[in-house]
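Student: Below are the structure tokens for one structure; questions will follow.
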Amino acid sequence: MRLEVGSILVKDVQFGAKTEVKNGVLIVNKDELAQVAGDDESIASVEVYLAKPGEEIRIIPVKDVIEPRVKVSGKGGVFPGFTSKVDTVGEGCTHVLKGAAVVTTGKIVGFQEGVIDMSGPGAEYTPFSKTMNVVVKIDPVEGLHQHEHEAVVRMAGFRAAEYLGKAAQNLKPDFIEVFETKPLLEQVHEYPDLPKVAYVYMLQTQGLLHNTYVYGVDAKEIIPTLIYPTEIMDGAVVSGNCVSACDKNPTYIHQNNPVIYDLYQGHGKDINFIGCVITNENVTLSDKERSSDMTAKLVEFMGADGVIISEEGFGNPDADLVMNCSKIEKKGIKTVLITDEYAGQDGASQSLADATEYGDAVVSVGNANEVITLPPMKTVIGYEEVADTIAGGFAGSLGEDGSITAEIQVITGSTNELGFGCLTATTI
Amino acid sequence: MDLENQSRIKDLAEKYGKDDLIIVLGGGEAEASGMAAETVSQGDPAFAGPLAGVPLGLKAYHIFELKEEIDPAVYDEQVGMMEMVLDVEEIVNEVKMYRGD
Amino acid sequence: MLEGKKVAILGDRDGIPGPAIEECIKATAADIVFSTTECFV
Amino acid sequence: MTIKVVHYINQFFAGIGGEEKADHRPEVRDGVVGPGMAFRQAFGTDAEIEATVVCGDTYFNENLETATSEVTAMIQEYSPDVVICGPAFNAGRYGMACGAVAKAVSERLSVPVVSGMYPENPGVDMYHRYAYIVETSNSIAGMRKAVKPMAKLALKLARGEKIGTPEEDGYIPRGIRKNLFAGERGSRRAMEMLVKKLKGEEYTTEYTMPVFDRVHPSPAIKDIRTAKVALVSSGGPVPKGNPDHIESSSASKYGRYSLQGIDDLNSENSETAHGGYDPVYANEDLDRVIPVDVLKEMEEAGEIGSLYEYWYSTVGNGTSVANAKKFAAEIAKDLQSSGVDAVILTST
């Protein structure tokens, strides 16, 4: 599969009469966007805000972040199985409003949603303090069941991103990147002298606000399967997951999976990147055994010499990570794991809930328990009172002055386990 | 260096003065030999004994350095064997360094 | 250089012991005022 | 202002004597003793060693608790800004004493401690968390080399300056995980690590896997019909409203809740505080997390002796192993003193 990704650089975002991109400025028709996003009888209200890098703005609770895109050629839409039919994506050309993002917020669904600060110390920890954000605040009708609430907000975000992405349809990209993975046997022969590397992409699938979707299917229901890297880059995987927002993959991160991107950077030079296996992180032992067995088998089936395994979440998923690692290593295939740590607020505890002696090559993306104080912001979009109850917060997290003292666990993407950011932890 | 020996050396230095008294070492290892040389010149580097912070300014030589001064037959009998097994150059360099000449 | 000097000997159990150094110095013009064997380690 | 330092050393370095004097009891002397002279040189006018506390290694190790308290009390008298222990090089009992003093001083007096030891000194393994231990050579020959970095660290700690990494500031890692921003993003680091691993080249893992305790189950209850059974859960089951505000993640506490007058948990009287799983089904009927209804029926039918009148609850989500261990020890003690014979542990 060959995918061209054409990036239209967005340097600013403003409200205006017509949604379009002019000289690098994304202009948004606020009412039209609200109408598209709110097109659901379960939605009571939609408000749209802008949040730009450096502004004193806090967004809380954050549910998802999505990159506005449009399919220019090739099959399918940008969210196959959701806002378009389930056609296989990953081929042709997709245009991206690079630098822009849709952020969804609104009344809290569970305990688990995140925080984005556009400036101050918290901004350093989230990738979404660097994007021009169109914030869509969605509140549902009274009495909506939690599961429906989550789904309604998720879909509203996709519609908003798709709507904005259409502005890129007829634009000439500032730059185009081409990614290609051939059918397995051809791909293996393309670089016969380089080690064959696959990517094991673990998707969290543990229920409400812990779910991930593949072509519209709840990934909890899948058996691990092979997928072209370009399919993932083109919207095949989307998020319904924002628990402990630090290490959950918003849709934006799936669309821009950094492991896939960096493996393509090494492709043909250091490695032969032959493809991806997606697997899930379910809650029962039999599910875990089945999925890790299948994953190890698929990696072997592909003839991989080495794999990168990325986790999503912590605790329970540590067991999946450890099973994947040991079962793959036992087949003589080398692994590198990416995980975050829960070493306690003082950093003195052991960091994982499960361990294996095979896990001898680990990339740590930081200790999520580390405490940070986020100073008050001039503007809060959303509901700041949830700071005391979201995962990583505690009674008294929200100060009287509007500051938040909490674990970096509350910050969307702070310890992203695809390695989207530069955070790490070291022993001192 | 042994605390009691530090005390003895201190007394001897007072009695004979630093121009007349020299120390001859038989250390089998460079670091410890250097330390002994340092102890009698600049003070106990471990700051544990009577010479802690007491720079006597005494000159210490390793017996290997005095080979030319000694009857070859005697030297050979008493020292020859150890001269073959020990790292003479390393030991001598260390002692020289701390003697400060 | 040993002429007229007072010599204090610090031998080493694992190197050259005091008595061996004494034998050497006895054959020179120096005067032995102290001799001991340390355990340097 | 001159920084105040107290120095802890053993009987040997105080010039009292070797092994034969190792039963020397703790004493305090004003000013510097022994290696303190070297520290005084290194400090110049920045810091002053106000006192030196001396204790024999044998006395310390054979009277660990008393000696620790005595020494700590002597140190406290001087209200130092920083305490220096040793260096102890490879002297095992001296290292253990330095470590125990470091633990007590840092925990009880909240005063930072610097020490120096050879990495194989058992004091390092036992106490590396409580002091910044500079790596020294294995013998006292390394004194001069040890003093400089120890003095530098002591000044930094006393001034509350930021301490660098173990490599930068020359101390043995304390086993504390600390966040920092790397030069490359995580995915890039992963790819580079994999390329090295595939080539058989050296690479450094960023996290060394922990070793876990394996807990052996207790022997089976002989007669469950007479046993008092308790419920303990990390699934966050709490009375409605979460009265103790147990955190949805990274719990800092656990709760103990009465079952008096409760035969069934429901959405009126209970909920889960846990933020790590789909709470909808637990909130509808919390018996799904702790089976109070069934156990009450079994109690009634004589199938179990009795159901203990309290349940214990915390949230396992993101909670550090160290906190979990602490909670468990306290809960177990409570259960034991209440005559509980068996516990049903539920997780989520």
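The values are calculated or read from the model by the stated rules, or taken from the named source; none is laboratory data. Quick caveat, the model's predicted, so the values are computed rather than measured. For neighbour counting, all protein chains shown are included, and Cβ atoms are generated from backbone atoms with ideal geometry for every residue, glycine included. All accessible areas refer to the heavy atoms of the entire protein, side chains included, with ligands and DNA or RNA removed. Shrake-Rupley method; radii C 1.70, N 1.55, O 1.52, S 1.80 Å.
Student: Restricting to segment C:6-41, and then to whatever is of a type in the set (Lys, Arg) and touching an Asp or Glu at 6+ places or on another chain (Cβ under 8 Å), can you tell me which residue is nearest to the other protein chains (Cβ to nearest Cβ)?
Tutor: Among those residues, the one meeting the criterion is C:Lys6.
Student: Regarding A:Thr389, is this residue closer than 23 Å to D:Thr319 by Cα, open to solvent by 50 Å² or more (accessible area, probe 1.4 Å), in contact (Cβ under 8 Å) with a residue 60 or more places away in the chain and more than 10 Å from chain D (Cβ to nearest Cβ)? Lay out the reasoning, then the answer.
Tutor: Working: closer than 23 Å to D:Thr319 by Cα: yes; open to solvent by 50 Å² or more (accessible area, probe 1.4 Å): yes; in contact (Cβ under 8 Å) with a residue 60 or more places away in the chain: yes; more than 10 Å from chain D (Cβ to nearest Cβ): no.
Judged against the criteria, A:Thr389 is not a match.
Student: I need the full set of residues from segment D:262-285 which are of a type in the set (A, V, I, L, M, F, W, C), under 25 Å from A:Gly240 (Cα atoms) and crowded, with 20+ Cβ neighbours inside 10 Å, in order please.
Tutor: Within segment D:262-285, D:Ala273, D:Ala282 qualify.
Residue by residue, here is whether (1) part of a helix (DSSP H, G or I); (2) more than 10 Å from chain C (Cβ to nearest Cβ); (3) open to solvent by less than 10 Å² (accessible area, probe 1.4 Å); (4) modelled with pLDDT of 95 or more holds:
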site: B:Arg8; (1), (2), (3), (4): yes, no, no, no
site: B:Asp19; (1), (2), (3), (4): no, no, no, no
site: B:Val24; (1), (2), (3), (4): no, no, yes, yes
site: B:Glu31; (1), (2), (3), (4): yes, no, no, no
site: B:Gly34; (1), (2), (3), (4): yes, yes, yes, no
site: B:Asp44; (1), (2), (3), (4): no, yes, yes, no
site: B:Ala48; (1), (2), (3), (4): no, yes, yes, no
site: B:Leu51; (1), (2), (3), (4): no, yes, yes, no
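Student: Quick check on my filter: what residues within segment A:131-154 are of a type outside the set (Val, Ile, Thr) and farther than 19 Å from A:Ile253 by Cβ? Walk me through it before giving the result.
Tutor: Of segment A:131-154, the ones of a type outside the set (Val, Ile, Thr) are A:132-133, A:137, A:139-140, A:142-151, A:154.
Selection gives A:Lys137, A:Asp139, A:Pro140, A:Glu142, A:Gly143, A:Leu144, A:His145, A:Gln146, A:His147, A:Glu148, A:His149, A:Ala151.
Student: Then there is this: Does segment B:54-74 contain any residue that is within 7 Å of another protein chain (Cβ to nearest Cβ) and surrounded by fewer than 16 Cβ atoms within 10 Å (Cβ to Cβ)?
Tutor: There is at least one residue in segment B:54-74 that is within 7 Å of another protein chain (Cβ to nearest Cβ) and surrounded by fewer than 16 Cβ atoms within 10 Å (Cβ to Cβ).
Student: In the set A:Glu289, A:Glu341, which member is charged (D, E, K, R) and open to solvent by 10 Å² or more (accessible area, probe 1.4 Å)?
Tutor: Sole residue among the options that is charged (D, E, K, R) and open to solvent by 10 Å² or more (accessible area, probe 1.4 Å): A:Glu289.
Student: Which members of segment D:143-156 meet the condition of being surrounded by fewer than 22 Cβ atoms within 10 Å (Cβ to Cβ) and within 23 Å of D:Met126 (Cα to Cα)?
Tutor: Selection gives D:Pro149 alone.
Student: Looking only at segment A:212-251, which residues are assigned to a strand (DSSP E or B), in contact (Cβ under 8 Å) with a residue 40 or more places away in the chain and within 13 Å of another protein chain (Cβ to nearest Cβ)?
Tutor: A:Gly240, A:Asn241
Student: Here is a list: A:Val362, A:Val283. Which entry is open to solvent by 20 Å² or more (accessible area, probe 1.4 Å), of a type in the set (A, V, I, L, M, F, W, C), at the interface with chain D (Cβ under 8 Å from one of its Cβ atoms) and under 30 Å from D:Asn179 (Cα atoms)?
Tutor: Residue meeting the stated conditions: A:Val283.
Student: Right, here's the next one. Every residue in segment A:220-239 that is more than 24 Å from D:Arg188 (Cβ to Cβ) and surrounded by 24 or more Cβ atoms within 10 Å (Cβ to Cβ), please. Break it down stepwise before answering.
Tutor: Step one: of segment A:220-239, the residues more than 24 Å from D:Arg188 (Cβ to Cβ) are A:220-226, A:238.
Matches in segment A:220-239: A:Pro224, A:Val238.
Student: I need every pair where a residue in segment D:301-330 that is part of a helix (DSSP H, G or I) has its Cβ under 6 Å from the Cβ of a residue that is of a type outside the set (Gly, Ala, Ser), sequence separation at least 6 or different chains.
Tutor: Hits for this filter: D:Val321/A:Gln350; D:Phe327/D:Tyr254; D:Phe327/D:Thr314.
Student: Quick test for you: out of D:Glu247, D:Glu192, D:Glu161, pick the one residue that is touching a Phe, Trp or Tyr at 6+ places or on another chain (Cβ under 9 Å) and either farther than 22 Å from A:Gln409 by Cβ or modelled with pLDDT of 95 or more (or both).
Tutor: D:Glu192
Student: Check B:Glu89, B:Glu4, B:Glu14 and return the single one that is surrounded by fewer than 19 Cβ atoms within 10 Å (Cβ to Cβ) and within 11 Å of chain C (Cβ to nearest Cβ).
Tutor: Values: B:Glu89 fails: within 11 Å of chain C (Cβ to nearest Cβ); B:Glu14 fails: within 11 Å of chain C (Cβ to nearest Cβ).
Residue meeting the stated conditions: B:Glu4.
Student: Could you go through segment A:60-70 and let me know if any residue there is crowded, with 24+ Cβ neighbours inside 10 Å, among the basic types (Lys, Arg) and under 17 Å from A:Lys166 (Cα atoms).
Tutor: Yes, some residue in segment A:60-70 is crowded, with 24+ Cβ neighbours inside 10 Å, among the basic types (Lys, Arg) and under 17 Å from A:Lys166 (Cα atoms).
Student: On to the next question. Hey, among the residues in segment D:195-211 that are at pLDDT below 95 and open to solvent by 50 Å² or more (accessible area, probe 1.4 Å), which one's farthest from the chain's Cα centre (by Cα)? Full working, then the answer.
Tutor: Of all residues in segment D:195-211, those at pLDDT below 95 come to D:208-211.
Still in the running and open to solvent by 50 Å² or more (accessible area, probe 1.4 Å): D:208, D:211.
On the way: D:Thr208: 18, D:Val211: 16 Å.
My answer is D:Thr208.
Student: Next question. Among the candidates D:Arg189, D:Arg214, D:Arg256, D:Arg225, single out the residue that is part of a strand (DSSP E or B) and either open to solvent by 50 Å² or more (accessible area, probe 1.4 Å) or within 12 Å of chain A (Cβ to nearest Cβ) (or both). Explain how you work it out, then say what you get.
Tutor: Details: D:Arg189 fails: part of a strand (DSSP E or B); D:Arg214 fails: part of a strand (DSSP E or B); D:Arg225 fails: part of a strand (DSSP E or B).
Selected residue: D:Arg256, the only one of D:Arg189, D:Arg214, D:Arg256, D:Arg225 that is part of a strand (DSSP E or B) and either open to solvent by 50 Å² or more (accessible area, probe 1.4 Å) or within 12 Å of chain A (Cβ to nearest Cβ) (or both).
Student: Another question, then. Within segment D:282-293, is even one residue more than 12 Å from chain A (Cβ to nearest Cβ) and of a type in the set (Gly, Ala, Ser)?
Tutor: no
Student: Does segment D:229-238 include one or more residues that are surrounded by 14 or more Cβ atoms within 10 Å (Cβ to Cβ), more than 7 Å from chain A (Cβ to nearest Cβ) and assigned to a loop (DSSP other than H, G, I, E, B)?
Tutor: yes
Student: Do any helices (runs of 4 or more DSSP H) entirely within segment D:9-128 hold 3 or more residues that are open to solvent by 20 Å² or more (accessible area, probe 1.4 Å) and more than 14 Å from chain B (Cβ to nearest Cβ), and if so, which?
Tutor: Ranges flagged: D:57-62, D:64-77, D:92-108, D:122-127.
Student: Report yes if D:Val195 is without any contact (Cβ under 8 Å) to a residue 60 or more places away in the chain and away from chain A (no Cβ under 12 Å), otherwise no. Can you show your working first?
Tutor: Values: without any contact (Cβ under 8 Å) to a residue 60 or more places away in the chain: yes; away from chain A (no Cβ under 12 Å): no.
No: the conditions fail for D:Val195.
Student: Hey, does segment D:240-250 have a residue that's within 9 Å of chain A (Cβ to nearest Cβ), not in a loop (DSSP other than H, G, I, E, B) and not aliphatic (A, V, I, L, M)?
Tutor: no
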